[in-house]
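Written below as structure tokens is the structure these notes are about.
The values are calculated or read from the model by the stated rules, or taken from the named source; none is laboratory data. Nothing here was measured: the structure is a model prediction, and the numbers come from that model. As a convention, Cβ positions derive from the backbone with ideal geometry for all residues, glycine included, and neighbour counts pool all protein chains shown. To get the accessible areas, we keep the full protein, side chains included, count just its heavy atoms, and leave off ligands, DNA and RNA. Shrake-Rupley method; radii C 1.70, N 1.55, O 1.52, S 1.80 Å.
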Amino acid sequence: MKFFVDTANLDQIREAQDLGVLDGVTTNPSLMAKEGIKGKDAILKHYIDICNIVDGDVSAEVLSTEYADMIKEGEELAALHPQIVVKVPATKDGIKAVKYLSGKDIKTNCTLVFSAGQALLAAKAGATYVSPFIGRLDDTSTDGIALIAQIVEMFNYYDFETQVLAASIRHTMHIIQCVEAGADVATCPLHAIEGLLKHPLTDLGLAQFAKDTQKMS
Ligand code: G3P
């Protein structure tokens, strides 16, 4: 399974990259705004900065909601850097934009996916990734992980090449559940990735080893 970090914070992206297990980055307008990035030039520069830190795919989301504007914006984003994946919402205009952009060999990530039907249309349009939002579904008392499993099964059954990118991951357990459900990618906050390393027995064992190391000197 691939690991993407879900942030536009350059320090966190560097930290995740330094860990040596990072496969890419996803951003969205909320994450970009959180970093105080304003204006077109600053936005485009920030995506290039991210691409210069990581080796893998970097999702950059279109801000337009209409098809014609989406494809113009998508082409502009894709031209920025070969690692850019154009992120497009799972709407009627968005699906048409995915079809157009994938026809131009531009990688796409169909986002804000909350149903198997949206994922199906995105895959048929040729999306590179679909991003079902687990945490936001959980927030509405709907099982987000069950949706991941359903989409994985559907894509396997019909041999779709579209990768299931589990998004809106809120905690470490979500990552493990994504593994069990067969997601291709999990995009996570850095703390959720780091949480995979946390175990009290590792801490206890390390403390004991430190004590015993002293006995040897
Ligand atoms: O990148 C999209 C997604 O991961 C957002 O997560 O926590 O805002 O639901 P969240």
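What's the number of the condition Glu66 fails, among (1) of a type outside the set (Ser, Thr, Tyr); (2) more than 16 Å from the chain's Cα centre (by Cα); (3) under 17 Å from Ser30 (Cβ atoms)?
Failing condition for Glu66: (3).
Pairs under 6 Å by beta carbon, first residue on the phi < 0 side of the Ramachandran plot in the stretch 80-100, partner part of a loop (DSSP other than H, G, I, E, B) and open to solvent by less than 60 Å² (accessible area, probe 1.4 Å), six or more apart or different chains?
Correct list of pairs: Val86/Ile106; Val88/Val62; Ile95/Ala125; Val98/Ala125; Val98/Ala127; Lys99/Ala125.
Among (1) open to solvent by less than 40 Å² (accessible area, probe 1.4 Å); (2) within 13 Å of the ligand (Cβ to nearest atom), there is one condition His171 misses while meeting the rest; what is its number?
With (1) open to solvent by less than 40 Å² (accessible area, probe 1.4 Å); (2) within 13 Å of the ligand (Cβ to nearest atom) applied to His171, the lone miss is (1).
Filter the stretch 6-60 for residues that are open to solvent by less than 30 Å² (accessible area, probe 1.4 Å), of a type in the set (A, V, I, L, M) and under 14 Å from Val85 (Cα atoms) and give the result.
Across the stretch 6-60, the qualifying residues are Val25, Ile50, Val54, Val58, Ala60.
Pull up the stretch 130-144, narrow it to residues that are small (Gly, Ala, Ser) and in contact with a helix residue (DSSP H, G or I) (Cβ under 7 Å, 6 or more places away or on another chain), then point me to the one that is farthest from the ligand (Cβ to nearest atom). Working first, answer last.
Kept after step one, since they are small (Gly, Ala, Ser), are these residues of the stretch 130-144: 131, 135, 141, 144.
With the extra rule that they be in contact with a helix residue (DSSP H, G or I) (Cβ under 7 Å, 6 or more places away or on another chain), the set shrinks to 135, 144.
On the way: Gly135: 5, Gly144: 10 Å.
It comes out as Gly144.
Out of curiosity, is Val85 buried (at least 21 other Cβ atoms within 10 Å of the Cβ), in a strand (DSSP E or B) and aliphatic (A, V, I, L, M)?
Numbers: buried (at least 21 other Cβ atoms within 10 Å of the Cβ): yes; in a strand (DSSP E or B): yes; aliphatic (A, V, I, L, M): yes.
Considered against the rule, which asks whether it is buried (at least 21 other Cβ atoms within 10 Å of the Cβ), in a strand (DSSP E or B) and aliphatic (A, V, I, L, M), Val85 comes out as yes.
So, in the stretch 124-139, exactly how many residues are of a type outside the set (Lys, Arg), open to solvent by 10 Å² or more (accessible area, probe 1.4 Å) and not in a loop (DSSP other than H, G, I, E, B)?
Here the count works out to 3.
Which of the following residues is acidic (Asp, Glu), more than 27 Å from Leu120 (Cα to Cα) and modelled with pLDDT under 95: Asp18, Asp49, Asp55?
Details: Asp18 fails: modelled with pLDDT under 95; Asp49 fails: modelled with pLDDT under 95.
Exactly one of Asp18, Asp49, Asp55 is acidic (Asp, Glu), more than 27 Å from Leu120 (Cα to Cα) and modelled with pLDDT under 95, namely Asp55.
For the stretch 1-71, please list each of the helices (runs of 4 or more DSSP H) lying entirely inside it that holds at least 2 residues being away from the ligand (no atom under 14 Å from the Cβ).
Working: elements: 10-19, 29-34, 40-53.
So the answer is 10-19, 40-53.
Run down Leu165, Leu121, Leu190, Leu147 and say which single residue is within 16 Å of the ligand (Cβ to nearest atom), under 29 Å from Leu77 (Cα atoms) and surrounded by 19 or more Cβ atoms within 10 Å (Cβ to Cβ).
None of the other options fit; the residue is Leu165.
Kindly evaluate Phe209 against the criterion of being aromatic (Phe, Trp, Tyr), surrounded by fewer than 16 Cβ atoms within 10 Å (Cβ to Cβ) and over 13 Å from the mean Cα position of the chain (by Cα).
Details: aromatic (Phe, Trp, Tyr): yes; surrounded by fewer than 16 Cβ atoms within 10 Å (Cβ to Cβ): yes; over 13 Å from the mean Cα position of the chain (by Cα): yes.
Yes, satisfied.
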